[in-house]
Amino acid sequence: MQTNENPFFNQVQEKTMSMKRRMALALAAVLLGGCGAMGAHRDAHQGAGGPGQGGNQATATHGLVALKSPHAPTETMNRLEAEVKKRNLTVVSRIDHAAAAQRIGQSLRPTELLVFGNPQAGTPLMLCAQLAGIDLPMKALVWADEAGQTWLGYNDPKWLIHRHGARECPPAEQVGKALAAIAAATVAK
């Protein structure tokens, strides 16, 4: 800390540094507390094993619900898209991250994203928590892990609503059930 011959200046500078330290400690406490809460939420919703860790049940980690698929990644994505369309949902985009990586000379295991939805599902979620709009339309990711296992993952709508500050949102439960049905049909043998 720089000193000055003016005692008033030194006193103000010390108080400023003390305030900065207190603010930094408070910020660290808030951030760490938030991480702890996220971990508690994850632990409360975790299924048998996480993605790539065994078990064939749906798992949830930080709001991501993941199911093992017995199908290859491309077949899983094709089945997902067909299930979404069968339920009259709009497919907004299908993004092949592995193909994009290849275009820049990089290698990525199969990783493909489907963006889909409709206003009947999304609007009630935003009425519960308007900022949930950043996470809508819904998305589902199909990927192959290091062992070659195919996974289908999507964001749990209840977690999204919680993330954006709402505690109760009955439509999130309904949307979650619809997504679970789509995912189950996609990964069925």
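The values are calculated or read from the model by the stated rules, or taken from the named source; none is laboratory data. For clarity, every value in this text was computed on a predicted model and none was experimentally measured. As a convention, Cβ positions derive from the backbone with ideal geometry for all residues, glycine included, and neighbour counts pool all protein chains shown. For accessibility, only protein heavy atoms count, side chains too; no ligands or nucleic acids. Shrake-Rupley method; radii C 1.70, N 1.55, O 1.52, S 1.80 Å.
Before moving on, here are some points about what is shown:
- Any hit, region 107-118, residues being in a loop (DSSP other than H, G, I, E, B) and under 21 Å from VAL187 (Cα atoms): yes
- Which listed residue, of GLY122, GLY133, is more than 22 Å from THR61 (Cβ to Cβ) and either assigned to a loop (DSSP other than H, G, I, E, B) or touching a Leu at 6+ places or on another chain (Cβ under 7 Å) (or both): GLY122
- Qualifying residue in region 156-177 (condition: touching a Phe, Trp or Tyr at 6+ places or on another chain (Cβ under 9 Å), crowded, with 21+ Cβ neighbours inside 10 Å and within 29 Å of ALA72 (Cβ to Cβ)): no
- Any chance ALA184 is touching a residue at least 40 places away in the same chain (Cβ under 8 Å) and either in a helix (DSSP H, G or I) or surrounded by 19 or more Cβ atoms within 10 Å (Cβ to Cβ) (or both): yes
- Residue list for region 105-133, restricted to those being open to solvent by less than 80 Å² (accessible area, probe 1.4 Å), under 15 Å from ALA172 (Cβ atoms) and in contact (Cβ under 8 Å) with a residue 12 or more places away in the chain: GLY117, ALA121, GLY122, PRO124, LEU125, CYS128, ALA129, ALA132
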